[in-house]
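**Q** One structure is given below, represented as structure tokens, and several questions about it will come after.
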Amino acid sequence: MTDAWLRCRTPRHNPSARLVCLPHAGGTAGPYAAWGTGLPDDVELSAVQYPGREDRLSEPPADDLQDLVTGVCAALLPLTDRPLVLFGHSFGAVVAHETARRLTAWGAAPDHLVVSGRRAPALPARGDLHTRPDDDLVAELARLGGTRGELLAEPAVRAAYLPAVRADFKLAETYHRPASPPLDCPVTALLGETDTEVDEAQARAWSAHTTGTFTLRAFPGGHFYFTPRREPVLRLLADVTRTAAATGARCRLESENLS
């Protein structure tokens, strides 16, 4: 794919469904796009590349969540010709949820939302890292385990990387979702059993944000539990995506029989 927003390393000729991954604060599409090799041949995976990093480094990071969501949704609309599953981790869960809401309003609702490592939108956001010095940001990234600390010891790397991190943390820490109707699609919430950013009750609160089925799954590990648990997480995502594909095919058949 050549779209500025999406990276697909394993395109499928005729996918039965599509899975789209939305990265964490400061995250990039690359690591998530690599998951495509671990999914079934009929599942196509794309990862979102936010502005302000890697090959979009010349663009300013997003400073408004809804503007970010608008860009993501515009890129995803062509993919909604097949059942679509959204996966978002941490800050990416915020973006995925808002993306699901926007796509629903546009008449192109996703078939499943998977949120990971993030408290439900109904719960107040917290944190002030986006206002603190660079050293505090670097220390937090090292604590969470999603970034190699030695890389951020290099001044040039910090200068290139931290503006996007700070911008993403600002959007995550100031996020507020006003009371609004829940989604209709199923929601699955994932977390690490020792994650300091979200506990089971905060993850279970996602159940209030859908009228569809809700599933909660915890894995051993911390905030980035899926790094050592990649295979079981990919199996879960494959199951969710194939279920969405089967449900979508059944709905299309029923619609054809009624017409």
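The values are calculated or read from the model by the stated rules, or taken from the named source; none is laboratory data. Since the structure is predicted, the reported quantities are computational estimates derived from the model, not experimental observations. So basically every Cβ, Gly included, is an ideal-geometry build from the backbone, and we count neighbours across all protein chains shown.
**Q** If we scan segment 83-104, do we find a residue that is farther than 21 Å from Gln49 by Cβ and not in a helix (DSSP H, G or I)?
**A** yes
**Q** On to the next question. Looking at (1) touching a Phe, Trp or Tyr at 6+ places or on another chain (Cβ under 9 Å); (2) part of a loop (DSSP other than H, G, I, E, B); (3) not polar (S, T, N, Q), which one does Val198 not meet, given that it meets all the others?
**A** For Val198, the failing item is (1).
**Q** Okay, next question. Only residues in segment 195-207 that are closer than 19 Å to Gly127 by Cα and of a type in the set (Lys, Arg) count as the first member; pair them with residues that are at pLDDT below 95 and part of a loop (DSSP other than H, G, I, E, B), Cβ under 6 angstrom, at least 6 apart or cross-chain, and list the lot.
**A** From segment 195-207, no pairs qualify.
**Q** Which residues, taken from segment 201-232, are assigned to a loop (DSSP other than H, G, I, E, B), farther than 18 Å from Leu144 by Cα and touching an Asp or Glu at 6+ places or on another chain (Cβ under 9 Å)? Write out each step before concluding.
**A** Taking segment 201-232 first, the residues assigned to a loop (DSSP other than H, G, I, E, B) are 211-213, 220-229.
With the extra rule that they be farther than 18 Å from Leu144 by Cα, the set shrinks to 211-213.
Answer for segment 201-232, where residues must be assigned to a loop (DSSP other than H, G, I, E, B), farther than 18 Å from Leu144 by Cα and touching an Asp or Glu at 6+ places or on another chain (Cβ under 9 Å): Thr211, Gly212.
**Q** If you don't mind, another one. Suppose we filter Leu190, Leu236, Leu216 for residues that are buried (at least 20 other Cβ atoms within 10 Å of the Cβ) and farther than 30 Å from Pro60 by Cβ; which single one remains? Outline the logic, then answer.
**A** On the way: Leu236 fails: buried (at least 20 other Cβ atoms within 10 Å of the Cβ); Leu216 fails: buried (at least 20 other Cβ atoms within 10 Å of the Cβ).
Only one candidate qualifies: Leu190.
**Q** Could you grab the pairs with beta carbons closer than 7 Å, sequence gap of 6+ or different chains, first residue in segment 36-62 and at positive phi, second one in a loop (DSSP other than H, G, I, E, B) and β-branched (Val, Ile, Thr)?
**A** Short answer, once both residue conditions are applied: Glu54/Thr28.
**Q** Scan segment 1-33 residue by residue and report those that are in a helix (DSSP H, G or I) and either in contact (Cβ under 8 Å) with a residue 60 or more places away in the chain or within 14 Å of Phe87 (Cβ to Cβ) (or both). Explain how you work it out, then say what you get.
**A** We begin by selecting, within segment 1-33, every residue in a helix (DSSP H, G or I); these are 29-33.
Once the filter is applied, which keeps residues that are in a helix (DSSP H, G or I) and either in contact (Cβ under 8 Å) with a residue 60 or more places away in the chain or within 14 Å of Phe87 (Cβ to Cβ) (or both), segment 1-33 yields Ala29, Pro31, Tyr32, Ala33.
**Q** Filter segment 34-66 down to residues that are within 22 Å of Leu171 (Cβ to Cβ), under 16 Å from the mean Cα position of the chain (by Cα) and not in a loop (DSSP other than H, G, I, E, B), then give me how many there are.
**A** Residues flagged as within 22 Å of Leu171 (Cβ to Cβ), under 16 Å from the mean Cα position of the chain (by Cα) and not in a loop (DSSP other than H, G, I, E, B) within segment 34-66 amount to 5.
**Q** Among the candidates Arg132, Arg143, Arg118, which residue alone is surrounded by 17 or more Cβ atoms within 10 Å (Cβ to Cβ) and of a type in the set (D, E, K, R)? Even if it seems obvious, please write down each step before you answer.
**A** Details: Arg132 fails: surrounded by 17 or more Cβ atoms within 10 Å (Cβ to Cβ); Arg143 fails: surrounded by 17 or more Cβ atoms within 10 Å (Cβ to Cβ).
None of the others qualify; the one that does is Arg118.
Each row is one residue, and each column tells you yes or no for (1) buried (at least 21 other Cβ atoms within 10 Å of the Cβ); (2) in contact with a strand residue (DSSP E or B) (Cβ under 7 Å, 6 or more places away or on another chain).
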site: Arg18; (1), (2): yes, yes
site: Gly26; (1), (2): yes, no
site: Gln49; (1), (2): yes, yes
site: Ser58; (1), (2): no, no
site: Val69; (1), (2): yes, no
site: Val72; (1), (2): yes, yes
site: Asp111; (1), (2): yes, yes
